[in-house]
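The values are calculated or read from the model by the stated rules, or taken from the named source; none is laboratory data. Since we're looking at a predicted model, the values are computed, not measured. Don't worry about glycine lacking a Cβ; one is built from the backbone with ideal geometry, like all the others, and counts go over all protein chains shown.
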Amino acid sequence: MTLPAGAGGITKVNDQIHFNDGEAYERYMGKWSQLVGTAFLDWLAPEPGLRWLDVGCGNGAFTELFVEHCTPASVHGIDPSEPQLAHARARPMLRAAQLLRGDAMAQPFPDNAFDVAVMPLVIFFIPDPARGVAEMVRVVCPGGVVAAYAWDMPGGGFPYELLRSEMRDLGIAVPAPPSPDSSRIDAMGDLWMRAGLDVVQTRAIAVQRAFADFEDYWNSVLGGPSIGPKLKAMAPADLALLRARMHERLSEDDSGRICCNARANAIKGRVPK
């Protein structure tokens with residue numbers, strides 16, 4: 001099935017979900033990506049001067065992080081969405097990066113082209129995760145690192161899981177990625193081992209994001225590229241009920257802020273020499 005580009009910020013082609021609004025994605029998910037990405041990079045502890053590949057770089061939220069903190073020798077990224085890539089290319093820190101339209105399952109690079117390949121918040125969007133991991137192994141040189149992090153979808157770690165739960169309780173179909181089980185920590189470990197990677201390590205990363213108030217939260221999800229279109233298609237009375245239920249369940253602190261929690265699973269391994 002193919003949706004017209006820009007329909008709710010999403011295009012779905014051959015069961016792959018493409019996000020087409022970099023600005024909306026930044027507010028909805030980019031900030032979450034940078035929160036968990038910072039912890040991920042601390043754990044990865046890469047050496048400076050490496051050749052990096054960001055698989056599913058999207059609007060560049062995570063790519064910008066490792067450019068800022070890891071002193072890479074070169075930066076490449078691929079993503080299926082040209083609008084997302086346009087947003088990434090506009091980031092000042094990514095002007096020297098090579099950001100290309102590409103498929104995680106058929107990466108447009110020769111063998112052994114990189115020292116590090118990372119897949120941030122992407123593996124559950126890939127129809128064949130094993131093929132995506134195999135492609136990262138192929139393009140990373142012997143001794144290089146293949147790593148990823150993903151929201152723990154089956155374990156309730158998605159940042160907006162509470163909203164998804166309320167939607168399901170109201171009988172509303174909730175959008176789901178094609179491969180949610182691939183984000184389980186044991187499933188990721190199995191993928192890395194079957195790809196022939198050595199020194200495989202995993203960890204869970206918990207993060208918290210503060211929204212200025214409920215309106216900040218609600219406007220973020222309304223503009224979100226996955227849940228947003230579903231919300232906007234609801235009958236006004238149903239949407240008002242959902243909003244009221246969410247307002248009741250999200251606790252505000254003394255300043256009116258709302259703090260939400262999320263949990264991601266991370267993995268890293270080395271290509272055998």
Just to be sure I understand the filter: pairs with C-beta atoms under 8 Å, separated by 6 or more residues or on different chains, first member in the stretch 221-246 and within 25 Å of Lys31 (Cβ to Cβ), second member surrounded by 19 or more Cβ atoms within 10 Å (Cβ to Cβ) and among the polar types (S, T, N, Q). Which pairs pass? Pro225/Asn20
Selection from the stretch 250-273 of residues that are out of contact with any Ser or Thr (no Cβ under 9 Å at 6 or more places or on another chain), in contact (Cβ under 8 Å) with a residue 12 or more places away in the chain and either closer than 30 Å to Asp198 by Cβ or not polar (S, T, N, Q) (or both): Leu250, Glu252, Gly256, Arg257, Cys260, Ala262, Arg263, Gly269, Arg270, Val271, Pro272, Lys273
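Given the stretch 173-273, what helices (runs of 4 or more DSSP H) lie entirely inside it while holding 2 or more residues that are under 24 Å from the mean Cα position of the chain (by Cα), surrounded by 14 or more Cβ atoms within 10 Å (Cβ to Cβ) and aromatic (Phe, Trp, Tyr)? Even if it seems obvious, please write down each step before you answer.
Numbers: elements: 185-194, 214-222, 228-232, 236-249.
Passing ranges, in order: 214-222.
Which residues, taken from the stretch 124-143, are among the small types (Gly, Ala, Ser) and either touching a Lys or Arg at 6+ places or on another chain (Cβ under 7 Å) or buried (at least 22 other Cβ atoms within 10 Å of the Cβ) (or both)?
The answer is Ala130, Gly132, Gly143.
Within the stretch 62-74, take every residue that is under 18 Å from the mean Cα position of the chain (by Cα) and free of Cβ contacts under 8 Å to residues at least 40 places away in the same chain and give me the one that is surrounded by the most Cβ atoms within 10 Å (Cβ to Cβ). Let's see the steps before the verdict.
Initial filter on the stretch 62-74 (under 18 Å from the mean Cα position of the chain (by Cα)): 62-67.
Then drop every residue that is not free of Cβ contacts under 8 Å to residues at least 40 places away in the same chain, which leaves 63-65, 67.
On the way: Thr63: 29, Glu64: 23, Leu65: 19, Val67: 19.
For the stretch 62-74, the residue satisfying everything is Thr63.
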Only one of Asp152, Asp181 is within 30 Å of Asp111 (Cβ to Cβ), in contact with a helix residue (DSSP H, G or I) (Cβ under 7 Å, 6 or more places away or on another chain) and among the acidic types (Asp, Glu), namely Asp181
Please count how many residues of the stretch 72-98 are of a type outside the set (Ser, Thr, Tyr) and under 12 Å from Gly56 (Cβ atoms). 7
Which of the numbered conditions does Val145 fail, given that it passes all the others? Conditions: (1) farther than 30 Å from Lys273 by Cβ; (2) at pLDDT 95 or above; (3) not in a loop (DSSP other than H, G, I, E, B). (1)
Members of the stretch 92-123 found to be closer than 17 Å to Val67 by Cα, surrounded by 18 or more Cβ atoms within 10 Å (Cβ to Cβ) and free of Cβ contacts under 8 Å to residues at least 40 places away in the same chain, listed by number: Leu94, Ala97
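Could you check, for the stretch 52-61, whether at least one of its residues is of a type in the set (A, V, I, L, M), surrounded by 14 or more Cβ atoms within 10 Å (Cβ to Cβ) and at pLDDT below 95? If you could, list the steps in order and put the result at the bottom.
We begin by selecting, within the stretch 52-61, every residue of a type in the set (A, V, I, L, M); these are 53, 55, 61.
Applying the additional criterion that residues be surrounded by 14 or more Cβ atoms within 10 Å (Cβ to Cβ) yields 53, 55, 61.
Those still in the list that are at pLDDT below 95 too: 61.
Yes, the stretch 52-61 has at least one match.
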